[in-house]
Amino acid sequence: MYQALYRKWRPRAFDDVIGQPQVTETLMRQLEHGRISHAYLFIGTRGTGKTSCAKILAKAVNCEDLRDGNPCNVCGSCVGIDDGSILDVEELDAASNNGVDHVRALRDEAIFTPAVVKKRVYIIDEVHGLSIAAFNALLKILEEPPLHLLFILATTEAHKVPATIASRCQRFRFRRVGATDIVARLRKVADAEGLELQDDAAQLLARLADGSMRDALALLDQCAGGQAITADLVRRFVGLVGSAECANLLRAACDGDVEAALGLVGELYYGGRDMGALLGELSTLLRDILLVRIAPKGSENLLSGSFDRGTIDTFSAMTPERLLGALTQVTDAIADLGRSANRKLAVEICMIRLCDVQLAGDAGALSARVAELEQKIADGVPVAAVGAAPAPVEVVQSVQVPPSEIVDAPPWADTVSQLPRSPAAEELPQSASLTAPSQAKEPMPEPKAASAPSAAPPVSAAGDDIWGKVLASAQKTLDVSVYTLISDGKEVSAVLDGEGLQIYIENAFFLGVVEKKEVLAVLEAAVSEVEGRSVRVKCHAGAPPTAGSSSSKLDALTRKGFDNITIK
């Protein structure tokens, strides 16, 4: 009958346990000197050797011919413990025997001396699964155990074990098995089993095992089928995407090609690839690229090894902000994947957000967009404003008014005279004046009595200096990305007039950031501090008004006057 590789190749002595020298060496010294405790607590992740070491320790304390702390595996005690014929060594699963009645029965049985071996040993696996009442029932016998009794507790979640239990045990922590040790073990097993295991496949299996020797042997067993075990074969059997396809997917996201990205996702999905594995490999690729960007000198020892350096270097144009934002989106999608009813849809939404940074809607996406704008400006690439420029105002060259049609002042004259004048307007060019036929060739004389216009609101003579002071005052309070936007003199300008600080922003994206309430509040506090009075802040789209604007022309008309028209 066929036996799984991880069961067939389970360690039978401490020397066979790999990756746990801090545990095996200590236990071997205790066995050699006869300093065995009455209770042990083994802590570690899955597949690191907790149960294997517990069984080896149970054999070693009862072995008739102990060899340098290792059981001989040939005496009657060792053989009987291995095949399960000696009932004095019992292995329990706390997940299924977690009630207080089970522990009470164990406690009542433990007081009897062993029938065949030296010590009665109880191995309780996943001990954190015991109920509170069961732990309380176990506590008494751990406090005052008989000399012939040994408890070995194993758990993957040490925080669930009560402190009263853990304090009465010698605690050993099992580490994740390193990839190098896993590869060496896989090669040894493959040679003994007659399997053709290639080096790249062994490396891939070691990475997929994530520190678990049992998982590595189970994956090797899954891929063994009479043919050579290659990396492509492992990816196909396990359902991985592959480095080339994952790189193509990220390249489509960088180019903003939503159609290509979704097409690749659909192709991989219907090809039987696991969506969770797809996002996992994508996050690994983003991590490697980010490490190369932020730590180019020491990143070689930190890379996952799943992607070659040439593939990573093709994404060198991605900024660290963009990489960090994309990595955050992918990890969030992985966390949400287990709760999603449609895994393919969840991955598609993630890819759409990666293709268009504006759809991410978080602080990381904003930082990535600001970083891209800064990089374009630094490289001298012109950045077009998103907002539409105001339509040009057509200037009327001349208006001919026949003398017979000139009558008293029209009814709207009083309204025109009350309109405020633009502070920047002086007067229209001569070609834009209104002339009567008799005055077309002669310069228009100044009006003798024109009504005095309303006073223009005061404008700061040093607007640029005040704006610089406002930015300096608000720099400590504003977010770095927002301050970078509003300090861009090409896109943002400000004028201080009688109504407050008028901020003119030509870029629609910049305008949306500055118009937020919290940003306006900081700017109002800063300009009020600079001016020594309360000043309101208002944002406007487009460039600041110039002397050629329509309002300035109307103000100039009200000041010019005509010989045949009296403006009251």
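The values are calculated or read from the model by the stated rules, or taken from the named source; none is laboratory data. All values derive from a computational prediction rather than experimental measurement. Cβ placement follows ideal geometry from the backbone for every residue including glycine, while neighbour counts extend to all protein chains displayed. Areas reflect the complete protein model, heavy atoms only, side chains present, ligands, DNA and RNA absent. Shrake-Rupley method; radii C 1.70, N 1.55, O 1.52, S 1.80 Å.
Tabulated data for the structure shown
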| item | result |
| --- | --- |
| For Leu41, distant residues with modelled amide H under 5 Å away | Leu153, Gln170, Arg171, Phe172 |
| Pairs from Lys8/Lys160; Lys476/Lys517; Lys8/Lys118; Lys476/Lys538; Lys118/Lys188 whose Cα-Cα separation, in the structure shown, is over 24 Å | Lys8/Lys160; Lys8/Lys118; Lys118/Lys188 |
| Cα-based radius of gyration of region 246-352 once divided by 2.2 N^0.38 Å, which approximates compact folds | 1.05 |
| Overall form of region 65-181 per C-alpha gyration tensor (a/c, 1.5; a/b vs b/c) | oblate |
| Accessible area (Å², per residue) of region 1-134, counting only protein heavy atoms and a probe of 1.4 Å | 49 Å² |
| Surface accessible to a 1.4 Å probe, Val79 within the full protein complex, Å² | 70 Å² |
| Low-density loop positions, GluC sites (Glu not before Pro), region 75-110 - DSSP coil, at most 13 other Cβ in 10 Å | none |
| Residues whose placed amide H lies under 5 Å from that of Leu66, excluding near-sequence neighbours | none |
| Convex hull per residue volume in Å³, alpha carbons only, for region 200-292 | 101 Å³ |
| Carbon and sulfur %, accessible surface of region 199-274 computed with the full protein complex present, 1.4 Å | 45 percent |
| Where Rh is the Kirkwood radius over Cα pairs, Rg/Rh for region 45-95 | 1.00 |
| Cα-based convex hull, region 290-339, per residue volume (Å³, whole number) | 88 Å³ |
| Loop-located chymotrypsin sites (Phe, Trp or Tyr not before Pro) in region 199-291 whose Cβ has at most 10 other Cβ within 10 Å (DSSP) | none |
